[in-house]
Amino acid sequence: MPESKRPKYLLILILLISALIRCGLAVYVQRQLDQQPERTYVIEGDADGYWRLAQTIVHGEEYSIYTPPRRVLRMPGFPLVLAGAMSVVGEDHFRVRLVLALSGMVACYLVYLLGKELTNETTGLIAAGLTAVSPVMAGFSILFLSETIFAIAMLISLWVLVRLWNINWGDNDRLRGSLWSALAGVTLAAAFYVRPSWLLILPIVVVLMFWGAKGHRVRALERAAVLILGFIVTLVPWVYRNFQVTGHFVPTTLWAGPSLYDGLNPQATGDSDMTFFDRDRVMLRMSEYEMNRYYTQQAVEYARQHPGHVVELMGAKLLRYWKPWPNAPQFRSLWMMAAVSVVFLPVLLLAVYGAWISRQQVLLLLITVGPILYFSLIHLVFVSSLRYRLPAEYSLYILSAVGLTAIFGTAFNKEKINS
């Protein structure tokens, strides 16, 4: 086989393996659920909410669920994806799972693209291969949860940011820089539409843009302005819609307050336990906006009065975030814990080694390590779990591939990482 065609065929093979694993899991999970009539979803609460929101979109109904109606409960990104799948294959759980399985294959391809852009094709292929066989990534891709779709949106935004970073600051590239800046703003907003905790990445990117300008502050200002404009314009429909239904400026959702209180309250353990919401029934006397503000105030006040417990909770949340095996009781079987740990621990160690040998390559470290550290810090405040780490593992696998290539360089094509 010609040398130039090998990467192409290897990539196709990796993507086929990825699709087969995920489709097989979709069949297995659906059969397991069909044998348990009392269960509809693997993870009930969130999955049911996303599914019902998607149905409101398909049926042209108001984007809300529950009574009293929750109109700004979830960002619309993932429900829109589910609604698109329902429009094509119908409102059948199994068929929609198969569509989501293919989205997991797309995530593998994006890992390849990002790895190739950051380093070289060999690293991109290895990172995609690791992603394809990851049991957690494969398992979550066929659940009615937003992790894989957010990973896709995040990987696209990271790839665009890498392309933008590599554009020269000179006059000849001024238009190209502006176009890629606008695209960066749009893709960052697209990821934000799936998971609102991605919002803080915007100011971080702007700061890094000025830091990397090195004497081109005016150009950096131009690109930052275009990027922010692209983000804002993309977000306008959601903000306008929220103002129409609540009468308030709401750029994210009105579930942030309860989520914050979930992580900061007298009974908090670091795990999610939303029973307080059903117990308090505050929406019987408050609007959705008032409810969100009420729980935000309650969480802030508790944190102010109990700093010791907050520090204790931060430790528990950090442990839950980085634990090699799942935290949820339904995933605590020995074989599942072993399967997840056997993959994650070597990948993490390889990533640490990859980070060490790449310690001079700032962009590579920002893109691969940055997201997983970012969410680790976010979930020192909110509740924490492997679920919140998972999307950031996709880009981390690129660094694992760097470490693997360095160790077994003779087994792979010895391509040097681009400086």
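The values are calculated or read from the model by the stated rules, or taken from the named source; none is laboratory data. Every value quoted in this text rests on a predicted model; they were computed, and no experiment measured them. Every residue, glycine among them, receives a Cβ derived from its backbone with ideal geometry; neighbour counts consider all protein chains shown.
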- Subset of region 160-186 [in contact with a Ser or Thr (Cβ under 7 Å, 6 or more places away or on another chain) and farther than 11 Å from Arg223 by Cα]: Val160, Val186
- Item | Cross-chain or 6+ apart pairs with Cβ under 7 Å, region 365-391 first and in a loop (DSSP other than H, G, I, E, B), then of a type in the set (Gly, Ala, Ser) | Val369/Ala355; Val381/Gly263; Phe382/Ser259; Phe382/Gly263; Val383/Gly263; Val383/Gly270; Val383/Ser272; Ser384/Gly270
- Message: So Thr122 ticks every box in (1) outside any helix (DSSP H, G or I); (2) farther than 30 Å from Arg95 by Cα but one. Which box is left unticked?
- Response: (1)
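Here is a yes/no grid of residues against (1) more than 27 Å from Val245 (Cβ to Cβ); (2) in a helix (DSSP H, G or I):
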{"site": "Glu61", "(1), (2)": "no, no"}
{"site": "Ala85", "(1), (2)": "no, yes"}
{"site": "Val88", "(1), (2)": "yes, yes"}
{"site": "Arg95", "(1), (2)": "yes, yes"}
{"site": "Gly104", "(1), (2)": "yes, yes"}
{"site": "Cys108", "(1), (2)": "yes, yes"}
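Only residues that are over 25 Å from Pro237 (Cα atoms) and either charged (D, E, K, R) or surrounded by fewer than 19 Cβ atoms within 10 Å (Cβ to Cβ) (or both): list them for region 75-97, please. Step through it out loud before you land on a result.
Within region 75-97, the subset over 25 Å from Pro237 (Cα atoms) is 89-97.
Matches in region 75-97: Val89, Gly90, Glu91, Asp92, His93, Phe94, Arg95, Arg97.
So if I check each of Leu179, Leu208, Leu202, which one is touching a residue at least 40 places away in the same chain (Cβ under 8 Å), assigned to a helix (DSSP H, G or I) and of a type outside the set (S, T, N, Q)? Even if it seems obvious, please write down each step before you answer.
Working: Leu179 fails: touching a residue at least 40 places away in the same chain (Cβ under 8 Å); Leu202 fails: touching a residue at least 40 places away in the same chain (Cβ under 8 Å).
Just one listed residue meets the conditions, Leu208.
For (1) loosely packed, with under 11 Cβ neighbours inside 10 Å; (2) assigned to a helix (DSSP H, G or I); (3) modelled with pLDDT under 95, each residue gets a yes or a no:
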| site | (1), (2), (3) |
| --- | --- |
| Asp278 | yes, yes, yes |
| Met283 | no, yes, yes |
| Tyr295 | no, yes, no |
| Val300 | no, yes, no |
| Ala303 | no, yes, no |
| His309 | no, yes, no |
| Gly315 | no, yes, no |
| Met336 | no, yes, yes |
| Val340 | no, yes, yes |
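Could you please find all residues in region 34-46 being surrounded by fewer than 17 Cβ atoms within 10 Å (Cβ to Cβ) and not in a loop (DSSP other than H, G, I, E, B)?
Residues of region 34-46 that are surrounded by fewer than 17 Cβ atoms within 10 Å (Cβ to Cβ), as a first pass: 34-40, 43-45.
Residues satisfying the conditions are Asp34, Glu44, Gly45.
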- Give the residue that is surrounded by the most Cβ atoms within 10 Å (Cβ to Cβ), with candidates limited to residues of region 261-276 that are part of a loop (DSSP other than H, G, I, E, B) and of a type in the set (Ser, Thr, Tyr). Ser272
